[in-house]
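Below you'll find the structure, written out as structure tokens, and then a few comments.
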Amino acid sequence: MMQSLKSRIVGATFALAACAMFSGAQAQAPAGEPIKVGFAMSLTGALSPNGKQALLGMKIWEDQTNKAGGLIGRPVKLVFYDDKSDPSEVPGIYTKLLDVDKVDLVVSAYATNQIAPAMPVVIRKGKTFISLFGLDVNDKFKYPKYFSVLPTGQDTKGSFTKGYFEIAMAQNPKPQTLALTFADAEFSQNACEGARANAKKAGLKIVYDEAYPPPPKTTDFAPIVRKIKSLNPDLVVVCAYPLDSVGMVLAANEVGLKPKMFGGALVGLQATFFKDKLKNKMNGIVNYETWVPDEKQMYKGTKEFFVEYQSRAKAEGVDPLGYYLGGWGYAYLQILGDAVRGAKSIDDDKVAAELRKASFTTVMGPVKFGGKGEWAQGRMFTVQYHDIPADAGLETWRGMSYQNVLEPKNLETGKVIYPYEKAIK
């Protein structure tokens, strides 16, 4: 449909603002050998819809940093390899980056399951390591040069479902029973451990608590959902990665699962690719989020970044909006770049010291690191999807019309639809 003149003018205005933000005053052209930033990223396989949008955010940072004069007077260059969404690929990639490519700095791939296997290599080499969406990865390693870009705060494992349980226990009558199911993999295990702790605090009785082999070993989720349905729990929490999240939601609709609340830590529902697969089947789900395109979440450069990202997304063949990982891909390199500038060095010890002491301004909001390299203060959201039509498309996902922020309360945009059955359409 042809855009109105008004929308074209608005789009042009934002595009000009984006150029102004990112180009800035043209600093002296960077010279000398580039500072090489190495990483793995899931560009094929199950995690690629998220990995590819993170990469575009990172490329935008690379381009704009070089246009603005580079880092400490040198250009920057991203050096990366596809980990194929396979954790077993990761150690070899980081070994190659450090031993063969001789990169100066490293950052992580997207997601817990891909970050954990990189840690032994990074630690052995003594490298500072900023990770992208790793859930409590450093709990085992306690590595002092690890820093997590994921807004969990200090309650890492519990943060994904904390809001879910607070909302559930505010209902009258209070729910009594809970079913938990999760993939037998690093992220899901950690998130489910946090859910158990939250359930214990709430005084809930857990009637089902079982893992399943992650895809491709499990492809049919209906038997799991049928077993849960037979127990008639008040609450159902699923901790899953994208393919099993989709499988669980489809199975819940097929089987007619109708607890009082359903959701929790379903990774994937935040990305446009998976939203398009599920559409109205997402209605009623209460799930975590890390950022939403609400006016209260527009920080310095946020709108301009997404104008730039969305103008490049089609040509790159990535998520057209970039709300889940595009902005965070840019932000974790913003943090790295600002730490290098603050340290006036690419020495890993000096960069790590700057990361520990400084506060950072990013397009996704302020960041300050605390213990174990996690955020000093968390900023996770709990949202509920609602009123999504069966023919939902890009314009549905562009705004806030299909989701309400339920937690934190100071950023609330709507009230929970309870029980879950009332929101199914």
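Just a few scattered comments:
- Only the Cβ atoms of Lys and Arg (+1) and of Asp and Glu (-1) were treated as charged; on that basis the dipole of the range 33-112 about its Cα centre amounts to roughly 240 debye.
- Tensor-based shape of the range 330-376 (alpha-carbon gyration tensor, a/c under 1.5 rounded, otherwise prolate or oblate): oblate
- Magnitude of the charge dipole, the chain, Cβ model with Lys/Arg +1 and Asp/Glu -1, debye to 20: 600
- Across the cross-link table entries 174/281; 229/260; 277/409; 205/227; 296/372, which are compared at the Cα atoms, the separations over 19 Å belong to 174/281; 277/409; 296/372.
- 18 Å cut-off, amide nitrogen to a point 7 angstrom out along residue 72 Cα→Cβ, residues in the range 332-349: 333-349
- Residue among 321, 282, 299 farthest towards the positive dipole end of the range 263-332, charges placed on Cβ: 282
- Selection of trypsin sites (Lys or Arg not before Pro), the range 51-120, meeting DSSP coil and at most 12 other Cβ within 10 Å: 102
- Take the Cα of residue 219, go 7 Å toward its beta carbon, and the backbone nitrogen atoms of the range 44-58 under 18 Å from that spot belong to 45-47.
- Annotation for the range 191-233 versus the range 239-283: alpha-carbon center distance of 14 Å.
- Rounded to the nearest 20, the Cβ-based charge dipole of the range 192-306 about its Cα centre (Lys and Arg +1, Asp and Glu -1) stands at 280 debye.
- Taking the helices alone, the chain has a mean residue ellipticity at 222 nm of -12500 deg cm²/dmol, built from -39,500 (n - 2.57) per DSSP H run of at least 4 residues and averaged over all its residues.
- Convex hull volume of the C-alpha atoms in the range 18-132, normalised per residue: 95 Å³.
- Computed E for residue 86/residue 139 - FRET, C-beta separation, R0 25 angstrom, nearest 0.05: 0.60
- The distance from the alpha carbon centre of the range 82-155 to that of the range 317-337 is 17 Å, rounded to a whole number.
Bear in mind that the values in this text are calculations on the coordinates, not laboratory data. It should be emphasised that the depicted structure is a prediction, and the values quoted were computed from it without experimental measurement. So basically every Cβ, Gly included, is an ideal-geometry build from the backbone, and we count neighbours across all protein chains shown.
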